[in-house]
């Protein structure tokens, strides 16, 4: 009797195992993606958060998250190492990182996924100081941007092109939110932002403290653009920020979502496709997302496209310029 019961138990157990294997589906593999953004006081972070939501919701098997970072320079270094495999960065940093020039001692293994929108150079001071020219930075306390940020990188290039020595003023290296707070409490005289307009930290500052955004002369913009063609003139319309009742003539540089070259073609194809198919959601996060189009990527990209982007662009009928085709 005991033997018969044992046999029945084994048979029943086997049936349960077989039933379980037939009705429980295998777990699909999940791909986790970290997106290098910037500080919380700029546009990179909310924009990156929007990308994470789109990809997590609409790309099967993907879970994406936006990471706070030091921004452009850090992001291309992380992408090159395959850490945060996708990062937002300004095109000056992207160009020099890919080509291994400037402060980059060797080329970084990155490609363009797509271009985002133009960043605008804000040189901000409290109105009570009466500063009007970029050259008024001399002898002042100036925050040039946080360490590893595209803002700091750009400031070094731009000021150098104008002959403004970094030792002609006292350098601070603060994030966007820290810039605003330091201007409020008088710790610094001038804060620098390279960001889409309007940006929350400057808007917050302008609501409590009258500000000026310093204008560029046409000759100074021409001088910088001649040396660095990725910097181009732009006008921030009057009224963009409270109390700034004049057009601000300044420089712009486009932003790129760059990625590790080794990311699979099909993965990048699905990610890029999802971004353009849900472009309306990005525009709800920031109006400058209206610039995030395939056509602007083809016009503004400064390094080759990832093969996954090429696949999607060809699918929608776009012709890829030879300069943007990835390496074989």
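The values are calculated or read from the model by the stated rules, or taken from the named source; none is laboratory data. Everything numeric in this text was worked out from a predicted model, so none of it was measured. No Cβ is skipped: glycine too gets one built from the backbone with ideal geometry, and neighbour counts run over all protein chains shown.
Some points to look at:
For (1) within 30 Å of residue 265 (Cβ to Cβ); (2) modelled with pLDDT of 50 or more; (3) surrounded by fewer than 10 Cβ atoms within 10 Å (Cβ to Cβ), each residue gets a yes or a no:
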position: 5; (1), (2), (3): no, no, yes
position: 20; (1), (2), (3): no, no, yes
position: 24; (1), (2), (3): no, no, yes
position: 29; (1), (2), (3): yes, yes, yes
position: 41; (1), (2), (3): no, yes, no
position: 48; (1), (2), (3): yes, yes, no
position: 53; (1), (2), (3): yes, yes, no
position: 58; (1), (2), (3): yes, yes, no
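- Cross-chain or 6+ apart pairs with Cβ under 9 Å, the stretch 98-124 first and without any contact (Cβ under 8 Å) to a residue 40 or more places away in the chain, then part of a strand (DSSP E or B) and surrounded by 23 or more Cβ atoms within 10 Å (Cβ to Cβ): 108/258
- Members of the stretch 120-150 that are at pLDDT 95 or above and under 14 Å from the mean Cα position of the chain (by Cα): 120
- Members of the stretch 249-299 that are closer than 30 Å to residue 133 by Cβ and without any contact (Cβ under 8 Å) to a residue 60 or more places away in the chain: 249, 287
- Which numbered condition residue 171 fails, given (1) in contact with a strand residue (DSSP E or B) (Cβ under 9 Å, 6 or more places away or on another chain); (2) farther than 19 Å from residue 136 by Cβ: (2)
- Those strands (runs of 3 or more DSSP E) lying entirely in the stretch 211-328 with at least 2 residues within 23 Å of residue 52 (Cβ to Cβ) and touching a helix residue (DSSP H, G or I) at 6+ places or on another chain (Cβ under 9 Å): 248-260
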